[in-house]
Structure formats: structure tokens, C-alpha cells
Amino acid sequence: MRIGILTGGGDCQGLNAAIRAVVRKSLDYNFEVYGIQRGWLGLIEDQMEKMTLSSVSGILPLGGTILGTSRTNPAKIENGYEKIEEVIKKRNIDALIPIGGDDTLGVCLKLLEKNIPAVAIPKTMDNDVGFTDYCIGFDSAVSIVTDALDKLHTTAHSHHRVIIVEVMGRDTGWVALYGGLAGGADWIMIPEVPADVQEVCEHLNRRRSLGKDFSIIIAAEGVALQEVILEDDCDSIDAFGHVRLDRRNVGQIIGKQIEKITGYETRVTILGHLQRGGSPSVFDRILATRLGIEAVKLIKYGQYGKMTAFQGNQITSVNLAEALKASPKKVSIELYQLAQMFY
């Protein structure tokens, strides 16, 4: 059995732990593993090399991905899928293990439809892949956001300021909600719930009347603002048709509106790619390891077309097509309402 493994889309913590697990379990079964460089681009351009125990030695605590990644969409490259099929045939790859979010897994599904065997592993700090409670990278990202809020509280308090913290989250607010709840945010703005800046300002005024002269507001970059027009930069669209949300300047717009309406001094912190960086958390290391091992087991028993998943502390597998139908997985409104108790 010869397996090809790749990481696609945005990087995050825990990818190397998953790669390590796939290689170690594959070698335990006497399978060969080929590491594909830079996601689907490496498969199109035949950039891969055989992996050994030494290839994954010491990578468990490393952030990012030793295989590299890209947002390559084979559908946007001339004869992209045909080139993939040619390389797979040339290299005698028996099965693929792509690690990624909706876009990467969507390409995997198209390859499955072309009768290319594959088992997927869900990875995204946004945590929005369906049918799995957690995705690789989410816990680590939320830990970074929480730590940032802890630090920002002291400077906000010292200067009696409002601080807006912009975090990642295109279609869902998992990072904003979990990070805001754990970090004691005074208001949380997520894509699932249209945000009203005027309502936020009224809340800030109430806090001031109670003697609380500083506030922390956390906002997902994909949040929709009522009565505020956000101009998407249509010239900055990736291979899968997504607008670069960092060009929307959500945090800056919210900050200017709040300062204009309330007169309170307001600052904006954009955490950006800091959320993706550094060593994975303990949870992500264990999760990635378990999901990687399960993927190899599924291949051993010919269970293709599956995605490994984490449900109720158990590692299981689900039909990839069904998981993608359930994506993006939205934040629980009940949990959002719980967070509102602490405003």
C-alpha cells in the first residue's frame, strides 16, 4: 500500500502531529508514505518524496506544516484534475490522505468521484467542518485569542479604553465565541448574528454608568454589521472564490463607529496570523494524533470516501460528502446566549 499525504488551505497548529501519526501508523502496517508538497499544487506538479521515521522525528510540537501548503484549486488550473490523475498513476499511489478544511476536502470529494481512493482529515482553526465536534487547529487558536484578551484587559483598564479585537472567522464565529467567553469579552460579534453597533454603544454606556470605564469587544472578521456597508475587496479573491477578509477592515470600522457615537477612546487589535502560529496545544496534539491514526486504519480496511471525526470524545468516521453538506457548521445560538450573560 502506497499512501500520499498532503496539507491544503491555511496552515494551523497540529498539522505536523497529524502527519507524524499517519507516517508512524502507516509504517507500522508496512505501508509506504509519500509526502506531497504544497497541497494540491504538489500533486499537480509531482512534488513529493518518500517519508520515513526520520522525516517525522521531532515534529510533534512544531507549528505549521513540514509539507507546506497552498490554496491551489485544481479546477482553476488547466487540466488540473487530469494532471493529478496522471501523477497518482505514475507514482502508483493507492490512496490519498488530504488534511484540510472545506475547500481542500471539496477537492478530495471530486477525486473520490473520479474513483481515486481517499480518506480525509478535518483541519481548520475556524472549526466549521460538519459532523466533527472539533477540527485540528481550533483549540490552539482559541488559546492564543484567550491569552491576547487576558493581556489586553490590563492595558484597556489602565487607559480606560475600548479595545476591539478582530479575530478570524469567515462564515462562523467559533473562534470569537470561545475566545471571547474564555477571555471575558464584554461583547462578542459573530457572523451568525447580525451586529448592531448602536446596540454595542448603548451597552458600553451602561457599563460606564456602573463604573466600568473600559471594555473589550471581540469581532469575527466575517461579521455582518447592520446599517454599515463593508466594501469587499473584489480584487483580492483566492482560488476558491473567497474574498480576503483582512481587506474588509471590520475591526477598524467598528472602532471608528464606536468612538464617533460614544466619544470613548477606542483602539483596535487585529490578531491575524498570530492565531495560526506557534506550537499546538495539548488537545490539538492528541486530536491530530488520533485522527491521523484513524485515517490509516480506514485505508487499511478499504473504508474510502470517509472523513475522520471527533464526536463526544470518541474518534469515528463519517461520509465525507455528508460532512461537506453540513458545512459550514454554525455556532450554537444557545452557547452565544450563554456568553451574553457575562456582558
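The values are calculated or read from the model by the stated rules, or taken from the named source; none is laboratory data. Values in this document were obtained by computation on a predicted structure and should not be read as measured data. Neighbour counts are summed over all protein chains in view; Cβ atoms, including those assigned to glycine, are modelled from backbone coordinates with ideal geometry.
For the range 14-37, the count of residues that are free of Cβ contacts under 8 Å to residues at least 40 places away in the same chain, among the hydroxyl-bearing types (Ser, Thr, Tyr) and in contact with a strand residue (DSSP E or B) (Cβ under 8 Å, 6 or more places away or on another chain) is zero.
Residue by residue, here is whether (1) in contact with a strand residue (DSSP E or B) (Cβ under 7 Å, 6 or more places away or on another chain); (2) at pLDDT 95 or above; (3) closer than 15 Å to SER327 by Cβ holds:
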position	(1), (2), (3)
ALA95	yes, yes, no
LEU112	yes, yes, no
ILE121	yes, yes, yes
THR124	no, yes, yes
VAL129	yes, yes, yes
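Candidates in the range 56-80 are the residues that are hydrophobic (A, V, I, L, M, F, W, C) and farther than 21 Å from CYS12 by Cβ; of these, the one that is surrounded by the fewest Cβ atoms within 10 Å (Cβ to Cβ) is ALA75. Checking ALA195, ALA176 one by one, the residue that is among the hydrophobic types (A, V, I, L, M, F, W, C) and either closer than 15 Å to ASN249 by Cα or at pLDDT below 95 (or both) is ALA195 and no other.
Within the range 259-301, the set of residues being over 24 Å from TYR134 (Cα atoms), without any contact (Cβ under 8 Å) to a residue 12 or more places away in the chain and not aromatic (Phe, Trp, Tyr) comprises LYS260, GLY263. When we screen ARG24, ARG20, ARG2 for residues that are among the basic types (Lys, Arg) and surrounded by 20 or more Cβ atoms within 10 Å (Cβ to Cβ), the only hit is ARG20.
Does the range 105-116 contain any residue that is within 12 Å of GLY179 (Cα to Cα) and surrounded by 20 or more Cβ atoms within 10 Å (Cβ to Cβ)? No, the range 105-116 contains no residue that is within 12 Å of GLY179 (Cα to Cα) and surrounded by 20 or more Cβ atoms within 10 Å (Cβ to Cβ).
Residue count for the range 112-130 satisfying the condition of being over 19 Å from ILE88 (Cα atoms) and either free of Cβ contacts under 8 Å to residues at least 12 places away in the same chain or part of a strand (DSSP E or B) (or both): 3. Checking each residue of the range 69-85 against the condition of being within 18 Å of ARG2 (Cβ to Cβ) and not assigned by TED's automatic domain parsing to the domain that holds SER215 gives at least one match. Considering TYR336, TYR301, the condition of being surrounded by 14 or more Cβ atoms within 10 Å (Cβ to Cβ) and either of a type outside the set (D, E, K, R) or not assigned by TED's automatic domain parsing to the domain that holds LEU112 (or both) is satisfied by TYR336 alone.
Taking the range 202-224 as the range and being in contact with a helix residue (DSSP H, G or I) (Cβ under 7 Å, 6 or more places away or on another chain) and surrounded by fewer than 20 Cβ atoms within 10 Å (Cβ to Cβ) as the test, only ASN205 passes. Taken across the range 231-238, residues that are polar (S, T, N, Q) and at pLDDT 95 or above do not occur at all. Of the residues making up the range 293-314, those that are under 19 Å from the mean Cα position of the chain (by Cα) and farther than 17 Å from TYR178 by Cβ are MET307, THR308, ALA309, GLN311.
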